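The block underneath contains the structure these notes are about, expressed in structure tokens.
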Amino acid sequence: MTMMVYDMGRQYHAERVMSAGERRRADAQAGQLAASAAQAWRRAQAWPRYLTGPVRALRSLRLPGATISG
């Protein structure tokens, strides 16, 4: 398999050592990506709680003894 010109550039960038500023920028970008993923996960998890919230509120209004386990 032959190496194309863009493959040599990729190999150069993969093998070279990053400077401190580049590492900081890469860490900051990774942190922002993780924060946005966590926020998306929290929003996705909020929908089931939003939909089941009224049901839980109604369950708490039941009188003791009104159910078999009561």
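Each reported figure results from applying straightforward, stated rules to the coordinates on display, with no laboratory input. Quantities reported herein were computed from a predicted structural model and do not represent experimental measurements. Counting neighbours? That spans all protein chains shown, and the Cβs are built from the backbone with ideal geometry, glycine included.
Before moving on, here are some points about what is shown:
- Contour excess over end-to-end distance, with Cα ends at Ala26 and His13 and 0.36 nm allotted per residue: 3.3 nm
- Near Leu33, once Lys and Arg are set to +1 and Asp and Glu to -1 for all other residues with Cβ below 13 Å from its Cβ, the sum equals 0.
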